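Colleague: Take a look at the following structure, please.
The values are calculated or read from the model by the stated rules, or taken from the named source; none is laboratory data. Quick caveat: nothing in here was measured; it's all calculated off a predicted structure. Cβ coordinates were reconstructed from backbone atoms using ideal geometry, including for glycine residues, and neighbour counts include every protein chain displayed.
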């Protein structure tokens, strides 16, 4: 590959691009970035009315990246129609969720935690003694912050025009069972209807203890009965959107189950059947980028085989370290074939399935297809000339067209069509050779942006579906460090699983261990705000974005300049994406919980860890009892300009 695994894998996790021009890093407070407006379908700085950028916080310096540039900020249009519906129920009870049924409740709602520094909030589903599951909220509440979690009563991933909120008017109570780990945990119950949900806010009802027999949360299970007549007057009971629990002080762990609506008090909220534990995943993959360092190195190969055995690795995605030269219009591909045969033979001796891995964002473009196809032909020829133990078992491509600057805006559909055309050609080669073809994709490839625009779609369908119809398997870069919730590994992979099930394809769920930076996302518009973004016209359609946290050093004006002002700010912690600062117990828990839910799908093959070069030292540091933290973020170790990031990033 053109880029090293270190830079490449960091960019994969953050959905960044890799253009050609080196970038100088600037100190915090003033950052610049040059981009080409033609990628966004514009010619002049005067056309720009909305910009979204990210500030990546490196160990010593920050760096600016660009999310989105538009003439005007997209408007999320809300249709004027009835919003609420009464769910179907019989008797006196509608069971919203007992949390034995997984990540989504019977109204299509997810749950998720929220907090502000220096408070913390984590919400998951835990299996309790006896086999039942409960929603589990772990929190610390600092006086300067807040912590809590919400439970949606509608499917927030559906477009606004298709959302159906809860009409609660046939019911008299909201009821749930609750207990604390130590007792004395203090939570306040709040509620939001459709309007308050649009405002990203809710109104308080009362302390949870006010609805409990003991008057407070204890270590024993109690049932809370919340009269719907106690809802705030400014909340419409015909359009309920969410229940919100906020921590009032201290810290602790609280369990909730059997959330229901009832027509009267003291009726049963029957539990659903506890799902059985699925069998362990059949496979466990791992990316490996520095294959060249293994060739001709028996000790390194022995160490790799031992590591794979200890970690239960069944599949290795081995970057092919080849040389490519073009002569007289023909690509010539070569590598150390003897060294590769030795490596493959050793891995096969311990039962490892070996995938030949290659990829580069540019490979999506038609002008690079000949090179890719020449490489595949050489892999097939290599297999034909090798004994069975020294052959590759499968082919894998990590192309990721969204990393190209031209993928943004007006060029996206063209790039996607070229990418799919390549995959179809590769599938013809691999099918004839008896090799499986796999590709790696981000979890958000089938999603919608925060403005509910399709992120990657062709002919009205997510690009993920079209990819699955071509290849034999996919690896979802499901880079999240929690299993449950609206932004966990389960929620981000389930749609791909369902479609893969229909087609009889298989799916790896990828998890990240590479060190990555925290990020601040900033939106800029024409209205006044706390900081400013100045845009200078350069040569042709090239422009320079200049941001200052204070704005004091961007006050001078001149020809060819345009200024926008900060309208929004969101903090994104790297701890949401990578396990680098977490423990083996954290990773193991996420894999177990994810497998519990995704194991219901035939397409679920197992997990894939990214990558050997970070995973092995991460584990070794823990075995030695040293910190897992590594602040040497690889993204900042390479001098590359980052021109664009996909506009889809789930934030809660």
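Colleague: Tell me, yes or no, whether region 160-175 has at least one residue that is out of contact with any strand residue (DSSP E or B) (no Cβ under 6 Å at 6 or more places or on another chain) and either without any contact (Cβ under 8 Å) to a residue 12 or more places away in the chain or within 26 Å of residue 252 (Cβ to Cβ) (or both). Steps first, please.
Modeller: Taking region 160-175 as the starting set, the residues that turn out to be out of contact with any strand residue (DSSP E or B) (no Cβ under 6 Å at 6 or more places or on another chain) are 160-163, 169-170, 172.
Pick out the ones that are also either without any contact (Cβ under 8 Å) to a residue 12 or more places away in the chain or within 26 Å of residue 252 (Cβ to Cβ) (or both) and you get 162.
Yes - at least one qualifying residue is present in region 160-175.
Colleague: Enumerate the pairs (first residue in region 176-202 and at pLDDT below 90; second residue anywhere and assigned to a strand (DSSP E or B) and surrounded by 15 or more Cβ atoms within 10 Å (Cβ to Cβ)) with beta-carbon separation below 8 Å, excluding pairs fewer than 6 apart on the same chain, so at least 6 apart or on different chains.
Modeller: 184/252
Colleague: Look through 137, 114 and report the one residue that is crowded, with 17+ Cβ neighbours inside 10 Å, closer than 23 Å to residue 594 by Cα and within 25 Å of the chain's Cα centre (by Cα).
Modeller: One residue alone meets the criteria, 137.
Colleague: State all residues of region 377-390 that are surrounded by fewer than 22 Cβ atoms within 10 Å (Cβ to Cβ) and either closer than 30 Å to residue 306 by Cβ or touching a strand residue (DSSP E or B) at 6+ places or on another chain (Cβ under 6 Å) (or both); if no residue qualifies, say none.
Modeller: Residues satisfying the conditions are 378, 382, 383, 385, 386, 387, 388, 389, 390.
Colleague: Sticking with this one: Take residue 60 and tell me if it is modelled with pLDDT under 80 and either more than 24 Å from the chain's Cα centre (by Cα) or crowded, with 18+ Cβ neighbours inside 10 Å (or both).
Modeller: Considered against the rule, which asks whether it is modelled with pLDDT under 80 and either more than 24 Å from the chain's Cα centre (by Cα) or crowded, with 18+ Cβ neighbours inside 10 Å (or both), residue 60 comes out as no.
Colleague: Looking at (1) assigned to a helix (DSSP H, G or I); (2) closer than 27 Å to residue 328 by Cα; (3) in contact with a helix residue (DSSP H, G or I) (Cβ under 8 Å, 6 or more places away or on another chain), find the lone condition where residue 399 falls short.
Modeller: (1)
Colleague: Of all strands (runs of 3 or more DSSP E) completely enclosed by region 179-266, which ones contain at least 2 residues that are crowded, with 17+ Cβ neighbours inside 10 Å and at positive phi?
Modeller: 251-262
Colleague: Further, regarding this structure: Restricting to region 67-90, what's the tally of residues that are at pLDDT 90 or above, more than 29 Å from the chain's Cα centre (by Cα) and assigned to a loop (DSSP other than H, G, I, E, B)?
Modeller: 4
Colleague: Separate question: Among what's in region 100-143 and is assigned to a loop (DSSP other than H, G, I, E, B) and under 13 Å from residue 483 (Cβ atoms), pick the residue that is modelled with the highest pLDDT.
Modeller: It comes out as 110.
Colleague: Mind checking which residues of region 347-376 are assigned to a helix (DSSP H, G or I) and out of contact with any strand residue (DSSP E or B) (no Cβ under 8 Å at 6 or more places or on another chain)? Even if it seems obvious, please write down each step before you answer.
Modeller: Within region 347-376, the first condition is being assigned to a helix (DSSP H, G or I), and the residues that meet it are 347-349, 361-364, 366-376.
Once the filter is applied, which keeps residues that are assigned to a helix (DSSP H, G or I) and out of contact with any strand residue (DSSP E or B) (no Cβ under 8 Å at 6 or more places or on another chain), region 347-376 yields 349, 361, 362, 364, 366, 367, 368, 369, 373.
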